[in-house]
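The values are calculated or read from the model by the stated rules, or taken from the named source; none is laboratory data. Note that this is a predicted model, so its numbers are computed, not measured. With ideal geometry, Cβ positions are generated from the backbone for all residues, glycine too; neighbour counts draw on all protein chains shown.
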Amino acid sequence: MSESLEEKIFSLLQKSDDGSMSQSDLGKALKMNSREIARTLSKLEKRGLIKRAQTKEKGRNAYRVTMLKMHQKIDLNDVIWCACLTCPDLERCGKGQPVSPEGCTKLTASIKAEQSRLSVLGEGKHAQ
Ligand code: SF4
């Protein structure tokens, strides 16, 4: 599935009031026939990104599509400050590994530095 098609589906779901739409409405919005949209959504469902639930629409069987995970792009500039990005221990870091984020002084220092930078800019109101 092309990334742009997936992005279009999530964009439509995010714009809806409750993060869900009928499968047929999604198909119409994307100019896809019922078979194409069903196949596409099935792939997203298998990846755990959406849920389809059977329902009735105008007395006919239909599917309601609900977004399960927020789908958003991460801009590298938003996390470039994180020590992990340049850490030589990245490959061996993790829960139960020789080094881990819990108690990592390099990670803690980079978070504190970013918090200070944001507070100077007046953007760190929610950072703690
Ligand atoms: S948590 Fe610490 S040790 Fe692990 S990758 Fe990040 S900076 Fe390196």
Practice task
Kindly indicate whether any position in region 5-20 is at pLDDT below 90, assigned to a helix (DSSP H, G or I) and touching a helix residue (DSSP H, G or I) at 6+ places or on another chain (Cβ under 8 Å).
Solution key: yes
Fill in the blank from the handout: Flagged in region 106-123 as over 25 Å from the mean Cα position of the chain (by Cα) and near the ligand (Cβ under 8 Å from one of its atoms), in numbering order, are K106
Problem - Residues that are within 10 Å of the ligand (Cβ to nearest atom) and of a type in the set (K, R), drawn from region 89-105 - result: R92
Completion exercise
Going through region 34-66 in order, the residues found to be in a strand (DSSP E or B) and exposed (fewer than 12 other Cβ atoms within 10 Å of the Cβ) are A53, Q54, K56, R60, N61
Handout entry: Filter result (of a type in the set (D, E) and either at pLDDT below 90 or under 23 Å from the mean Cα position of the chain (by Cα) (or both)) within region 70-90
Key = D75, D78
Practice task
Filter region 20-33 down to residues that are among the charged types (D, E, K, R) and surrounded by fewer than 15 Cβ atoms within 10 Å (Cβ to Cβ) and give me whichever is farthest from V65 (Cα to Cα).
Solution key: K31
Exercise for the section: For K106, state whether it is modelled with pLDDT of 95 or more and more than 22 Å from S4 (Cα to Cα). Expected result: yes
